[in-house]
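Student: One structure is given below, represented as structure tokens, and several questions about it will come after.
The values are calculated or read from the model by the stated rules, or taken from the named source; none is laboratory data. This is a predicted model, so every value here is computed, not measured. Ideal geometry is used to build each Cβ from the backbone, glycine not excepted, and the neighbour counts take in all protein chains shown.
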């Protein structure tokens, strides 16, 4: 059964860009070999760590969004544990969270439609209905007048 996972790993700051690219290629190879699919790969670049890990104060962050099985993620987890360049890694299943968000959104939409019909309005909002949104921050003058209250 294919599920959606996010894999984030932090690579040692001592690693070169070529080594980070090689590591990404190896992860992609594992995913292809075990019949998974990578939706997105994002190299966030070098960033400061929230806390010191070993003697490292910064690292290169990489994110992969992967569709695959649990066995695929176990294999990736096993492989990342033995790479010396990887300081930390984390795999999170996100498809359940997305399903919950979609369910809540549909419940909220149905509730809104029900209330609108009860008030005698069409179930969906019409163009131009509701609060006017400000297109420009320049038009918002609520905080321009500052009073001295001494």
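Student: Is it the case that the stretch 34-48 has a residue that's in a strand (DSSP E or B) and at positive phi? Write out each step before concluding.
Tutor: Applying the first criterion (in a strand (DSSP E or B)) to the stretch 34-48 yields 37-48.
From what's left, at positive phi: 45.
So far as the stretch 34-48 goes, yes, one or more of its residues are in a strand (DSSP E or B) and at positive phi.
Student: Restricting attention to the stretch 1-14, report how many residues are over 14 Å from residue 49 (Cβ atoms) and surrounded by 15 or more Cβ atoms within 10 Å (Cβ to Cβ).
Tutor: Number satisfying all stated conditions: 5.
Student: The conditions are (1) touching a residue at least 40 places away in the same chain (Cβ under 8 Å); (2) over 30 Å from residue 130 (Cβ atoms); (3) outside any strand (DSSP E or B), and residue 98 fails exactly one of them. Which is it?
Tutor: (2)
Student: Restricted to the stretch 114-146, and to residues that are assigned to a helix (DSSP H, G or I) and either more than 30 Å from the chain's Cα centre (by Cα) or closer than 28 Å to residue 2 by Cβ (or both), which residue is modelled with the lowest pLDDT?
Tutor: Our first condition is that a residue be assigned to a helix (DSSP H, G or I); within the stretch 114-146, this holds for 114-118, 137-139.
Subset that is either more than 30 Å from the chain's Cα centre (by Cα) or closer than 28 Å to residue 2 by Cβ (or both): 114-118, 138-139.
Values: 114: 89, 115: 90, 116: 88, 117: 88, 118: 90, 138: 55, 139: 58.
That would be 138.
Student: Kindly evaluate residue 20 against the criterion of being over 19 Å from the mean Cα position of the chain (by Cα), touching a residue at least 12 places away in the same chain (Cβ under 8 Å) and in a helix (DSSP H, G or I).
Tutor: Values: over 19 Å from the mean Cα position of the chain (by Cα): yes; touching a residue at least 12 places away in the same chain (Cβ under 8 Å): yes; in a helix (DSSP H, G or I): yes.
So residue 20 fits the description; yes.
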